[in-house]
Amino acid sequence: LPPAWPPAWATAPRRPRRRAARTGAEAEVPAPDALRRLGRLPRAAGDVVVALGALVAARRAVRTTRIGALLAVADATAPVAHAVPPLGAREREAAWRWSVAVRRAAACAGGRITCLPRAIALQRLLARHGVHGCRVCIGVRRDGALAAHAWVERGGVVLGEPAAGVRGFAPLVTGVTR
């Protein structure tokens with residue numbers, strides 16, 4: 001015999017959700033359940049969610065904005081106008097934390113996030129979390145092959161990926177996202 005359609009689970013009455021009474025500022029701005037649960041996630045998982053939002057925003061910006069309007073472009077060959085101090089312990093920890101979060105968020109997106117949105121998202125997240133002076137660099141291969149790559153640097157130190165992967169690229173454009 002064929003199963004009964006629709007199945008019993010699809011037609012069963014749903015239990016109403018219990019919601020706590022909201023008072024004060026909570027009553028004015030209702031937060032979705034997902035955002036309330038975000039506070040209960042482990043820190044790394046919450047970072048990935050924030051990084052995924054930054055990746056989506058950066059990807060949209062790359063698709064809809066000219067690169068000159070997206071970056072406050074500086075000449076890659078010009079000397080830095082002001083010396084950037086080396087990363088402190090707190091900044092190093094934040095750089096590591098957010099680079100891992102961006103890498104994991106890009107993996108969650110199924111690999112459809114290219115290097116430019118990843119670099120823009122990382123630079124914006126680092127600036128938002130106190131690591132200032134980071135620049136998005138866009139370069140081309142030095143060996144003559146037609147390939148380009150984008151990465152984040154601060155004072156000549158590559159952030160968010162192995163420096164060895166960037167050595168084969170000559171920076172053409174560096175800038176800070178607007």
When you go through Arg124, Arg142, Arg135 one by one, which is the residue that is closer than 20 Å to Asp47 by Cβ and basic (Lys, Arg)?
Arg124
Residues of region 107-127 being open to solvent by less than 70 Å² (accessible area, probe 1.4 Å) and modelled with pLDDT under 90, which ones?
Ala109, Gly110, Gly111, Ile113
Kindly provide the set of residues from region 128-159 that are open to solvent by 30 Å² or more (accessible area, probe 1.4 Å) and either part of a loop (DSSP other than H, G, I, E, B) or modelled with pLDDT under 85 (or both), ordered by number.
His129, His132, Gly133, Arg142, Asp143, Gly144, Ala145, Leu146, Ala147, Gly155, Gly156
Looking only at region 44-74, and only at residues there that are over 23 Å from Gly110 (Cβ atoms) and free of Cβ contacts under 8 Å to residues at least 24 places away in the same chain, the one that is surrounded by the most Cβ atoms within 10 Å (Cβ to Cβ):
Thr65
By residue number, the members of region 139-153 that are over 17 Å from the mean Cα position of the chain (by Cα) and closer than 19 Å to Ser99 by Cβ are Gly139
Test for Arg118: is it of a type in the set (D, E, K, R) and closer than 23 Å to Ala61 by Cβ:
yes
Can you name the residue in region 160-174 that is in contact (Cβ under 8 Å) with a residue 60 or more places away in the chain and under 18 Å from Ala95 (Cα atoms) and is also surrounded by the fewest Cβ atoms within 10 Å (Cβ to Cβ) among such residues?
Glu161
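The values are calculated or read from the model by the stated rules, or taken from the named source; none is laboratory data. Everything numeric in this text was worked out from a predicted model, so none of it was measured. So basically every Cβ, Gly included, is an ideal-geometry build from the backbone, and we count neighbours across all protein chains shown. Remember, those area values only see protein heavy atoms, side chains included, never the ligands or the DNA or RNA. Shrake-Rupley method; radii C 1.70, N 1.55, O 1.52, S 1.80 Å.
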